[in-house]
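Throughout, read-outs are computed from the coordinates displayed, never taken from laboratory work. This one's a predicted model, so the numbers in the text were calculated from it and none came from an experiment. Positions of Cβ are backbone-derived with ideal geometry, glycine not excepted, and every protein chain shown enters the neighbour counts.
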Amino acid sequence: MASEPRAPLCIRMHAADNVAIVANDGGLGAGTVLPDGLTLRDKVPQGHKVALADIAQGKAVRRYNVVIGHAAKDIPAGSWVHERLLQMPAARSLDGLPIATVKPPAMAPLEGYTFDGYRNADGTVGTRNILAITTTVQCVAGVVDFAVKRIKAELLPKFPNVDDVVGLEHTYGCGVAIDAPDAIIPIRTLRNISLNPNFGGEVLVVSLGCEKLQPERLLPPGSFAIVDERQSADAALDVVCLQADKHVGFMSMIDSILEAALPHLERLNARRREPVPASALVVGVQCGGSDAFSGVTANPAVGFCTDLLVRAGATVMFSETTEVRDGIDQLTSRASTPEVAEAMIREMAWYDAYLKKGLVDRSANTTPGNKQGGLSNIVEKAMGSIVKSGSAPISGVLAPGEKLQQKGLIYAATPASDFICGTLQLAAGMNLHVFTTGRGTPYGLAAVPVIKVATRTDLATRWHDLMDINAGRIADGEASIADVGWEMFHLMLEVASGRKKTWAEHWKIHNALVLFNPAPIT
Ligand code: CA
């Protein structure tokens, strides 16, 4: 690696911006002369903003050609514009938004790209072949965990085509006021996760017996496809109930779960990968541990790749409501129809009310790490987050926990919390996940491969065995956004085909499922 200090480098996102961010590792010292002749008055850390012109108190600070705040006092050119110098603008009203006004030119179809996947009876395609064990209630989690370890050790070696066994453990099932209107969110989330394409349509449930969320309520008849032609269409849900009279002692429960797992493992093991068009990809995009580079390198590369995927006929979901709220006008104008724009406004309004009930607003989103990484507030963070959605028209909206019914670019409304967003995207039917990070997070999921993209070379170098793609090369001037976007697209096809594993898969780093439950707890 070259160790010569780089020339001072600042990145301005738009010609109308009056701030730029410092790209150099370690930041730049006071007195540094920038290529355009401006001299820094302060030391400016990497990823943080420098004023390119004098900004008088009360005047707008612009990045991405968007007002990210107003100067709290006079800011002379060359100053470090840290978050304490910015007053955050109010959230845009949800009234009078532009509705489906942007008609982007039709993008040329991208044809001829395939991956090797597992075709499912319901038309979806798996990128992995996993036995999932659904749980109705947290009470059974320890037992299921015990059983999963036994299945992995004793049964899985006999079924070489099955990639893994996963317990769908969670913290609900009792306690939730199950008839409250909002309880539908955790219930349908869990139901739809059980039907994720990577589980091959096999549904095996472990229940305690006395819980509020009974198996038939979780998975009513008709909600799951019967994949085995030997079963009739009215076949009963496959449930192991721990409180059943036949269970005498803990080991009899474990034996029941192992016995119930066998036919599912046999059917999964008989499946083979086959070439399918890239249109079968269902990619959830997300960011976490963001910094000021997220919106400069990794997220724009994801946005480029999103356009490639949409052109290939695939599905891409972007999410994280508090991180798009400040760009709602961009999104409603990109909606393919007025109905899609209205659905987006409905989700934003629901979330505004949800936050208000907790006496906070969208500004509760930014973390100390975000700010240390140069993101002053949620407006700046949102502008960098939205670019993951690329430029295609938005063709659909999902409420939290809903399952996808269509292809194209979809807004799946979720909290920005990494685990909750990932969990809801799994419920929607995601079969591949892309996650960008600037501060660094080892995030991974058991059910789908997670491709992690570093926003900075420094992070990609230090976390060389956790990051799959280094988008920091864009800031280093070594690769274009398009280069990294194409690299991501090709890596997705390799990972989806099982020919490559992501680092999170390699190390088996699996974060817990976290259900989004806005309903009261009793
Ligand atoms: Ca997130």
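With +1 on each Lys and Arg Cβ and -1 on each Asp and Glu Cβ, how big is the dipole of the chain about its Cα centre, in debye rounded to the nearest 20? Working shown, then result.
On the way: 49 positive and 54 negative charges, 138 e Å.
The calculation lands at about 660 debye.
Mind pulling up the Rg/Rh value for region 1-90? Radius of gyration and Kirkwood radius, both on Cα.
0.99
Count the DSSP beta bridges whose two residues both fall in region 91-244, then state the antiparallel fraction as a percent rounded to the nearest 5. Don't skip to the end; give the middle numbers.
Working: 2 of 14 bridges.
Taking every DSSP beta bridge within region 91-244, about 15 percent pair in antiparallel fashion.
For q values of 0.18 Å⁻¹, compute log₁₀ I(q)/I(0) with the Debye formula on a Cα-only model of region 169-286, without solvent.
The Debye formula, applied to the Cα set alone, gives -1.14.
How much net charge surrounds Pro442 when only other residues with a Cβ under 13 Å from its Cβ are counted (Lys, Arg +1; Asp, Glu -1)?
That sum, taken over residues with Cβ under 13 Å, equals 0.
Quick one: check the C-alpha center-to-center distance for region 370-438 versus region 445-522, whole angstrom.
If we compute the Cα centre of each part, the gap is 14 Å.
Amide H neighbours of Asn18 under 5 Å, counting only residues 5+ apart in sequence or on other chains, H built in-plane at 1.01 Å?
Excluding prolines and chain starts, which carry no amide H, the hits are Arg62.
Compute the distance from the alpha-carbon center of region 1-64 to that of region 70-106, in whole Å.
Distance between centres, Cα-based: 19 Å.
Which whole-number percentage describes the relative contact order of region 339-412, with Cα contacts under 8 Å and a sequence gap of 6 or more? Show your work: numbers first, answer last.
Details: 48 pairs, mean separation 19.8, N = 74.
Rounded, it is 27 percent for region 339-412.
Could you pull out every residue, at least 5 positions away or on a different chain, whose amide H is within less than 5 Å of the one on Gly167? Hs are placed 1.01 Å off N in the peptide plane, and Pro or chain starts have none.
Ile133
What value, in deg cm²/dmol to 500, does the helix sum -39500 (n - 2.57) over DSSP H runs of n ≥ 4 give at 222 nm once divided by the residues of the chain? Each step should come with its number before you reach the end.
Working: 14 runs with 142 residues, N = 522.
So the calculated ellipticity at 222 nm is -8000 deg cm²/dmol.
Around Ala428, what is the net charge, scoring Lys/Arg as +1 and Asp/Glu as -1 over all other residues with Cβ under 13 Å from its Cβ? Show your work: numbers first, answer last.
Values: positive: Arg188, Arg191, Lys403, Lys407; negative: Glu402.
Local net charge: +3.
Set the Förster distance to 22 Å, then compute FRET efficiency between Ser93 and Ala399 from the Cβ-Cβ distance, nearest 0.05.
On the way: r = 22 Å, r/R0 = 0.99.
The value I calculate is 0.50.
In percent, what relative contact order does region 282-507 have, based on Cα pairs under 8 Å that are 6 or more apart in sequence?
Numbers: 462 pairs, mean separation 68.4, N = 226.
Rounded, it is 30 percent for region 282-507.
Net charge near Val148: determine it from the other residues with C-beta under 15 Å of the C-beta of Val148, scoring Lys and Arg +1 and Asp and Glu -1.
Values: positive: Lys149, Arg150, Lys152, Lys508; negative: Asp145, Glu154, Asp163, Asp164, Glu169, Glu202, Asp255, Glu259.
Around Val148, the charge tally is -4.
Using a Förster radius of 56 Å, what is the FRET efficiency between Lys59 and Gln138 based on their Cβ-Cβ separation? Nearest 0.05, please.
On the way: r = 53 Å, r/R0 = 0.94.
Between Lys59 and Gln138 the formula returns 0.60.
Relative contact order, percent, of the chain when contacts are C-alpha pairs under 8 Å separated by at least 6 residues? Don't skip to the end; give the middle numbers.
Working: 1189 pairs, mean separation 93.4, N = 522.
It comes to 18 percent, rounded to a whole number.
Mind listing the long-range amide H neighbours of Val206? Cut-off is under 5 Å, sequence gap 5 or more, other chains count too, H placed in the peptide plane at 1.01 Å from N.
Those lying under 5 Å, H to H, from Val206 are Thr134, Thr135, Thr136, Val240.
So for the chain, what are the equivalent ellipsoid semi-axes in whole Å, largest first, each being the square root of 5 times an eigenvalue of the Cα gyration tensor? If you can, show how the numbers build up before the last one.
Details: eigenvalues 374, 120, 93 Å².
Semi-axes, largest first: 43, 25, 22 Å.
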